[in-house]
């Protein structure tokens, strides 16, 4: 069963430290409500799947805040299409963006958020050999 219709990501620096945000439009169609713990677990699983540079920034450096999932109202991604067309995009060529920072789109998404969830714990990370920083002295 597919849980979401569309996903869109952004990095927000509106908090210190900044963090990644995923906007999800769900396909629930009146089914049983999903407990908040499921979305928090999703946040954690996504963080665990990101690379070691992300995990180090989150765990060791504390330079990245917890990943956030924002659930948006049904029809939000259709509103994005309408907005893109109003700016001259072709409906036949439109693709939902995967990452966004354009302020009007971020405002549209944030105006339609119905709930949000943060990763409740830190992903695994342990200091190790960093092959990209070899010391050749």
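For segment 17-40, filtered to residues that are farther than 24 Å from residue 108 by Cβ and in contact (Cβ under 8 Å) with a residue 40 or more places away in the chain, the residue that is surrounded by the most Cβ atoms within 10 Å (Cβ to Cβ) is 40. Of all the criteria given as (1) under 16 Å from residue 19 (Cα atoms); (2) part of a loop (DSSP other than H, G, I, E, B); (3) at pLDDT 85 or above, the one not satisfied by residue 122 is (3).
Contact annotation: residue pairs with Cβ atoms under 7 Å, 6 or more positions apart or on different chains, pairing a residue in segment 71-90 that is closer than 23 Å to residue 115 by Cα with a partner that is exposed (fewer than 14 other Cβ atoms within 10 Å of the Cβ) and at pLDDT 90 or above, are 71/114; 71/115; 72/114; 73/114.
Conditions tested, residue by residue: (1) within 18 Å of the chain's Cα centre (by Cα); (2) part of a helix (DSSP H, G or I); (3) over 23 Å from residue 122 (Cβ atoms).
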residue: 15; (1), (2), (3): yes, no, no
residue: 22; (1), (2), (3): yes, no, no
residue: 41; (1), (2), (3): yes, yes, no
residue: 70; (1), (2), (3): yes, no, no
residue: 84; (1), (2), (3): no, yes, yes
residue: 90; (1), (2), (3): no, no, yes
residue: 95; (1), (2), (3): yes, no, yes
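Go through the residues of segment 41-49 one by one and say whether even a single one is in contact with a strand residue (DSSP E or B) (Cβ under 7 Å, 6 or more places away or on another chain) and surrounded by 12 or more Cβ atoms within 10 Å (Cβ to Cβ). Scanning segment 41-49 turns up at least one residue that is in contact with a strand residue (DSSP E or B) (Cβ under 7 Å, 6 or more places away or on another chain) and surrounded by 12 or more Cβ atoms within 10 Å (Cβ to Cβ). Taking (1) surrounded by 16 or more Cβ atoms within 10 Å (Cβ to Cβ); (2) in contact with a helix residue (DSSP H, G or I) (Cβ under 6 Å, 6 or more places away or on another chain) in turn, residue 94 satisfies each apart from (1).
Here residue 106 meets the list (1) exposed (fewer than 11 other Cβ atoms within 10 Å of the Cβ); (2) part of a helix (DSSP H, G or I) almost entirely, failing just condition (1). Going by the conditions given, is residue 111 modelled with pLDDT under 90, over 30 Å from residue 59 (Cα atoms) and surrounded by fewer than 12 Cβ atoms within 10 Å (Cβ to Cβ)? It is false that residue 111 is modelled with pLDDT under 90, over 30 Å from residue 59 (Cα atoms) and surrounded by fewer than 12 Cβ atoms within 10 Å (Cβ to Cβ).
The values are calculated or read from the model by the stated rules, or taken from the named source; none is laboratory data. If you're wondering where the values come from, they're calculated on a predicted model, not measured in any experiment. Glycine gets a Cβ as well: all are built from the backbone with ideal geometry, and neighbour counts include every protein chain shown.
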